[in-house]
1. Being at pLDDT 85 or above and under 14 Å from the mean Cα position of the chain (by Cα): is that true of residue 298 here?
2. Does region 30-46 contain at least one residue that is part of a helix (DSSP H, G or I), of a type in the set (Ser, Thr, Tyr) and either touching a residue at least 60 places away in the same chain (Cβ under 8 Å) or in contact with a Gly (Cβ under 7 Å, 6 or more places away or on another chain) (or both)?
3. Picking from 322, 339, 296, 300, which residue would you name as being in contact with a helix residue (DSSP H, G or I) (Cβ under 9 Å, 6 or more places away or on another chain), open to solvent by 70 Å² or more (accessible area, probe 1.4 Å) and either more than 26 Å from residue 131 (Cβ to Cβ) or outside any helix (DSSP H, G or I) (or both)?
4. Which of the residues belonging to region 3-43 are among the basic types (Lys, Arg) and under 26 Å from the mean Cα position of the chain (by Cα)?
5. Go through the residues of region 134-154 one by one and say whether even a single one is surrounded by fewer than 19 Cβ atoms within 10 Å (Cβ to Cβ), in contact with a Lys or Arg (Cβ under 9 Å, 6 or more places away or on another chain), at pLDDT 90 or above and not basic (Lys, Arg).
6. Within region 227-240, track down each residue that is in a strand (DSSP E or B) and either of a type outside the set (A, V, I, L, M) or in contact (Cβ under 8 Å) with a residue 40 or more places away in the chain (or both).
7. Hey, among 19, 74, 82, which residue is in contact with a Leu (Cβ under 9 Å, 6 or more places away or on another chain), surrounded by 13 or more Cβ atoms within 10 Å (Cβ to Cβ) and either more than 28 Å from residue 318 (Cβ to Cβ) or of a type outside the set (Gly, Ala, Ser) (or both)?
Amino acid sequence: MNNYVKILDWYIIKKFLSTFFFTVLIFLMIAVILDFSEKVEKFIEEPITTREIVLQYYPSFMLWIGGQLWSVCTLIAVIFFTSRMAYSSEIMSIFNAGVSFNRLMRAYFFGAAFLTLLYLLCTHYIMPVGEKYRQDIVHKYIDKSDDKGKTTNIHLFVAPNTKVFIGFYRKDDSTARDFRIEHFKNQQLVSYTKADRAEYLPETRKWRLWDYSSHSFNGLKEDLQMHLAESKDTTLSLYPEDFVDYSSQQSMMTTPRLMKYIRQQNERGASNTRKYLFELYRRTADPVTIFILTFIGMAIASRKVRGGFGFHLALGIGVGAIFVFLSKFTNVFALGQTIPVWLGAWLPNLIFAFVALRLIQTAQK
């Protein structure tokens with residue numbers, strides 16, 4: 001009996017993983033064809049090379065779309081092979097051999113665990129790197145106006161007691177107008193340096209101030225020093241990439257880089273960190289979804305019903321569609337400050353975990 005169970009575990013795990021990767025392959029082929037048909041005119045019009053398309057854009061595109069469909073493909077794969085086992089009476093034979101439903105779930109658990117660990121690695125470290133390659137192509141050739149970074153009236157803390165104000169920043173040459181560096185002590189302004197113009201020097205990673213003046217305060221007294229037609233180089237924790245904010249910029253950072261960026265933005269007093277926090281929570285919540293959808297698919301497909309495999313598949317696709325809709329729905333509320341960010345990322349899992357539990361309780365045993 002023990003040997004039978006071990007053989008059964010491997011039998012189901014192999015079916016699970018082979019069906020999953022086959023399902024992902026089919027979806028990737030369809031996605032690539034649709035995406036190419038949509039962007040072929042851009043590829044012809046823009047000076048993009050074949051190497052960039054074949055070796056940079058589409059490998060990273062497949063990595064990205066695979067990540068988007070990973071959980072849904074898991075559900076479809078589980079329903080597909082489990083339903084076939086049910087209608088060929090394999091499930092009933094397993095039960096007749098003395099294997100309980102809960103024991104049968106162990107093989108599905110191991111398969112889901114492997115995909116979850118693989119997805120965790122991908123979503124935290126591998127996919128962001130691929131997404132950076134894909135977005136570089138998109139922003140260079142396809143959607144050149146996606147940058148929503150601020151260029152006027154910018155206030156940023158570059159250190160705990162140092163704030164920078166920029167009246168206008170030009171991204172083309174990394175120059176700024178109405179540039180001011182303010183220093184505080186005990187929440188009181190003690191000095192500031194003001195420049196009519198400033199430019200970033202990439203070779204030294206410093207800012208060069210032109211036509212600047214230095215102001216310092218001692219009580220009600222002000223010490224003013226003018227430096228017209230002079231320049232001064234200063235080091236600040238402020239770089240040209242801080243003025244760039246693509247709509248999907250958070251997905252291009254590995255998790256360590258994302259956590260560092262959130263910490264830096266919080267220290268600077270920036271208010272645009274919710275989408276970055278949501279991305280951070282989502283990268284852990286999405287892999288957990290694999291477990292939930294695996295057991296939902298198993299509970300649905302292990303029972304023989306009228307309509308056969310087609311009914312199971314339609315029901316599974318419906319469940320997947322509802323899950324995707326709910327995820328997008330909570331995403332909007334989380335980014336709109338209606339609910340906490342962590343709840344927006346985890347709420348679909350919490351709801352469908354109860355659905356999975358109920359389906360397991362009522363499944364054919």
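The values are calculated or read from the model by the stated rules, or taken from the named source; none is laboratory data. Treat the numbers as computed from the prediction; the structure is a model and nothing was measured. A quick note on method: Cβ atoms are made from the backbone with ideal geometry, for glycine too, and the neighbour counts reach across all protein chains shown. Remember, those area values only see protein heavy atoms, side chains included, never the ligands or the DNA or RNA. Shrake-Rupley method; radii C 1.70, N 1.55, O 1.52, S 1.80 Å.
1. no
2. Checked region 30-46: no residue is part of a helix (DSSP H, G or I), of a type in the set (Ser, Thr, Tyr) and either touching a residue at least 60 places away in the same chain (Cβ under 8 Å) or in contact with a Gly (Cβ under 7 Å, 6 or more places away or on another chain) (or both).
3. When all the criteria are applied, what remains is 322.
4. Selection gives 39, 42.
5. no
6. 227, 230, 231, 232, 233, 234
7. 74
Residue-wise test of (1) surrounded by 14 or more Cβ atoms within 10 Å (Cβ to Cβ); (2) in contact with a helix residue (DSSP H, G or I) (Cβ under 6 Å, 6 or more places away or on another chain); (3) β-branched (Val, Ile, Thr).
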site	(1), (2), (3)
164	yes, no, yes
173	no, no, no
183	yes, no, no
188	no, no, no
231	yes, no, no
